[in-house]
Amino acid sequence: MQISNFLRSGFTFERDEDFLEFKFKMFNYTLFIIIIFSSLFALLSDLGINDVGTVQTRVNYTYAFLSLLLILYLRGSKENFTAATVMLFTISFCVFCSILVNVPQDPAKVIWFYFLIFIAYILRGTAAGVVMTLLSLSVFIASHFLIPEPFAFNTIYANLLGLIIGSLIALVYTQKISEYEARLH
């Protein structure tokens, strides 16, 4: 199988489906990256090289497996794209919340929410990006009060600003890309 065929989930796209084809490719790249790196992080933990704890290690293996299932589901029909993206966002959000709780030693654990927000904007547009931003901000603030080792004030402030600024930049970009796409059709 050629890589481009894999990234298109085996589908042929019409000329007016160029943007959808891009989204399929981006989605498959994202899933492939998740499979590779979630498996790698879990393996490194199992080997004692970068221990993230038993729970998070199992979560990472499960995340990789569910991402593989999403690749297969996406190959079923182009119409599966919307449901598959919602599943990815939900699964990823749960995994990243798990990291907040289960990996207190990770100083960069909030970064995963940035990636989720960015992918939500790219794959599903403004509404999905805004929803993922609001959910990410909410869980980040709530985690400060709920996890045993809360964030320092400067960390909270910097991450809240970063999430908001990153989301606003992605929002402006997504709106412009949507305008361009609408002009093409």
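Candidates in the stretch 77-109 are the residues that are assigned to a loop (DSSP other than H, G, I, E, B) and touching a helix residue (DSSP H, G or I) at 6+ places or on another chain (Cβ under 9 Å); of these, the one that is surrounded by the most Cβ atoms within 10 Å (Cβ to Cβ) is Lys109.
If I ask for residues that are out of contact with any helix residue (DSSP H, G or I) (no Cβ under 8 Å at 6 or more places or on another chain), in a loop (DSSP other than H, G, I, E, B) and polar (S, T, N, Q), which ones from the stretch 1-58 would you list? Passing the criteria: Gln2, Thr12. Scanning the stretch 46-61 for residues that are in contact (Cβ under 8 Å) with a residue 24 or more places away in the chain and either crowded, with 16+ Cβ neighbours inside 10 Å or touching a Lys or Arg at 6+ places or on another chain (Cβ under 8 Å) (or both) gives Val52, Gln56, Val59, Asn60.
Among the conditions (1) in contact (Cβ under 8 Å) with a residue 40 or more places away in the chain; (2) crowded, with 19+ Cβ neighbours inside 10 Å, the only one that Leu20 does not satisfy is (2). Only one of these conditions is not met by Val59: (1) over 17 Å from the mean Cα position of the chain (by Cα); (2) modelled with pLDDT of 95 or more. Which number is it? So the condition that Val59 fails would be (1).
Scanning the stretch 164-176 for residues that are without any contact (Cβ under 8 Å) to a residue 12 or more places away in the chain and under 21 Å from the mean Cα position of the chain (by Cα) yields Ile165, Leu168, Ile169, Val172.
When Ala127 is tested against (1) surrounded by 13 or more Cβ atoms within 10 Å (Cβ to Cβ); (2) within 18 Å of Phe89 (Cβ to Cβ), exactly one condition is not met: (1).
Just a yes or no: is a residue in the stretch 16-39 out of contact with any Leu (no Cβ under 7 Å at 6 or more places or on another chain) and of a type in the set (Lys, Arg)? No, the stretch 16-39 has no match at all.
The lone criterion from (1) within 26 Å of Ala42 (Cα to Cα); (2) touching a His at 6+ places or on another chain (Cβ under 9 Å) left unmet by Asp106 is number (2). Checked across the stretch 147-155, the condition of being touching a Ser or Thr at 6+ places or on another chain (Cβ under 8 Å), surrounded by 13 or more Cβ atoms within 10 Å (Cβ to Cβ) and in a helix (DSSP H, G or I) holds for no residue. For the stretch 1-40, filtering for residues that are among the small types (Gly, Ala, Ser) and over 28 Å from Leu184 (Cα atoms) leaves 2. On inspection, Val131 passes the criterion of being without any contact (Cβ under 8 Å) to a residue 24 or more places away in the chain and part of a helix (DSSP H, G or I).
Residue pairs whose Cβ atoms lie under 8 Å apart, separated by 6 or more positions or on different chains, with the first residue in the stretch 80-99 and closer than 13 Å to Trp112 by Cα and the second at pLDDT 95 or above and among the charged types (D, E, K, R), are Phe89/Arg124. A Cβ distance below 6 Å, combined with a sequence gap of six or more or placement on separate chains, defines the contacts here; from the stretch 146-163, residues that are closer than 15 Å to Phe113 by Cα reach residues that are surrounded by 11 or more Cβ atoms within 10 Å (Cβ to Cβ) and of a type in the set (A, V, I, L, M, F, W, C) in the pairs Asn159/Val110; Leu163/Leu137.
The values are calculated or read from the model by the stated rules, or taken from the named source; none is laboratory data. As the structure is a prediction and not an experimental result, all values here were calculated from the model. Glycine also receives a Cβ, built like all others from the backbone with ideal geometry; neighbour counts cover every protein chain displayed.
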